[in-house]
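Read the structure below first, then the notes.
The values are calculated or read from the model by the stated rules, or taken from the named source; none is laboratory data. Quick caveat: nothing in here was measured; it's all calculated off a predicted structure. Counting neighbours? That spans all protein chains shown, and the Cβs are built from the backbone with ideal geometry, glycine included. For accessibility, only protein heavy atoms count, side chains too; no ligands or nucleic acids. Shrake-Rupley method; radii C 1.70, N 1.55, O 1.52, S 1.80 Å.
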Amino acid sequence: MAQGIKDKVVVITGASSGLGEAAARRLAQDGAKLVLGARRLDRLQILAEELSLGQDAAVRTDVTQVDQIKRLVDHAVECHGRIDVLLNNAGLMPHSPLERGKVEDWDRMIDVNIKGVLYGIGAALPYMKEQRSGHIINVSSVAGHKVRAGGAVYSATKHAVRIISEGLRQEVKPYNIRTTIISPGMVATELPDSITESDIAEAMRKAYERAIPAESFASMVAFAMSQPDDVDVNEILFRPTSQEY
């Protein structure tokens, strides 16, 4: 797989932990040139040092702020002259029944899970169109394919990611840009920690005892990236073997 990854310039949001961190570790191993964004700059800097990326590879980024995502992508181009892959990974999952009226949680999910993806696309697309090449990988979820009680808003945001990605796929064909949606099931990350309702958080942590390692997600990213330029892997849906939902 490294053959299609080596020396590609990759920007990853939400890279300080979980799926983003696992992807960074895998792609660094395969020789990619990485620029990492997340709110927790200290953790990004530790990761960048561990992967021998240099401190320029770590950029404090809040994906809900369009200027910060633009700065992240612009910085990658300034450092490396181009951007080959954007991994829109940052996400939140504060589940709760609608009747509890967790408006602040709804707003956070919409801002991070939907607007953050749109802002990333908006920042990367002008460069990729000019290059006439690129790859945008958006992270959805099994919850973007089906909904369960307590997860209505989260599922809505992750379904939106799939819809946005499919519209993007059709729009960027003239520019030789590839698009991939990755929809994980239960993968071991800090995602359940974003749940603010204690009873739901406890139940979710119990369910996540069956989660598979974040490296499984990194393998999916590497698979999509490593395909020949004329192969566009548009969607990957995967779960733990034991996950019924």
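Taking all protein chains as they are arranged and a probe of 1.4 Å, the heavy atoms of HIS159 leave approximately 80 Å² accessible to solvent.
Projected onto planes of every orientation and averaged, the convex hull of the alpha-carbon atoms in the chain covers 12.1 nm².
Farthest towards the positive end of the charge dipole of the chain, among the residues LEU125, MET93, GLN227, is the Cα of GLN227, using unit charges on the Cβ of Lys, Arg, Asp and Glu.
Where nothing but the Cβ of Lys and Arg (+1) and of Asp and Glu (-1) is charged, how large is the charge dipole of the range 33-133 around its Cα centre, in debye to the nearest 20?
180
For the chain, the dipole from Cβ point charges (+1 on Lys and Arg, -1 on Asp and Glu) about the Cα centre works out to 340 debye, to the nearest 20. Modelled spin-label separation between ASP107 and ARG132, with each label point placed 7 Å from Cα along the Cα-to-Cβ direction: 4.6 nm. Label-to-label distance for GLU215 and LYS6 is 2.2 nm, based on points extended 7 Å past Cα in the beta-carbon direction. You can think of it this way: the chain between LEU237 and GLU49 has 64.5 nm of extra reach, that is 0.36 nm per residue less the Cα-Cα gap.
Ranking VAL66, ALA38, ALA149 by Cα position along the charge dipole of the chain, where only Lys, Arg, Asp and Glu carry charges on their C-beta atoms, puts ALA149 farthest toward the positive end. Placing GLU130, GLU215 in order of accessible area, with the largest value first and a 1.4 Å probe, yields GLU130, GLU215. Checking the cross-link pairs LYS115/LYS173; LYS70/LYS115; LYS70/LYS129; LYS70/LYS173; LYS8/LYS129 against a 19 Å limit on the alpha carbon distance flags LYS115/LYS173; LYS70/LYS173 as lying beyond it. Sequentially through the range 154-162, phi angles give Karplus couplings (6.51, -1.76, 1.60; θ = phi - 60°) of 4, 4, 4, 5, 6, 5, 4, 4, 5 Hz, Gly and Pro residues having no value and appearing as x. Amide hydrogen proximity for LYS33: with H placed 1.01 Å from N in the peptide plane, the residues at 5 or more positions away or on another chain lying under 5 Å are ASP7, LYS8, VAL9, VAL10. For the listed peptides 46-53, 59-66, a ranking on the average number of other beta carbons within 10 Å per residue, highest first, reads 59-66, 46-53.
Go through ASP56, ASP74 and list them by solvent-accessible area, largest first, probe radius 1.4 Å.
Of ASP56, ASP74, the descending order of accessible area is ASP56, ASP74.
Working note: Karplus 6.51/-1.76/1.60 with θ = phi - 60° gives the range 17-32 the couplings 6, x, 4, x, 5, 4, 5, 4, 4, 5, 6, 5, 4, 8, x, 6 Hz, where Gly and Pro are set to x.
Carbon-plus-sulfur accessible fraction, the range 1-160 (probe radius 1.4 Å, protein heavy atoms only): 49%.
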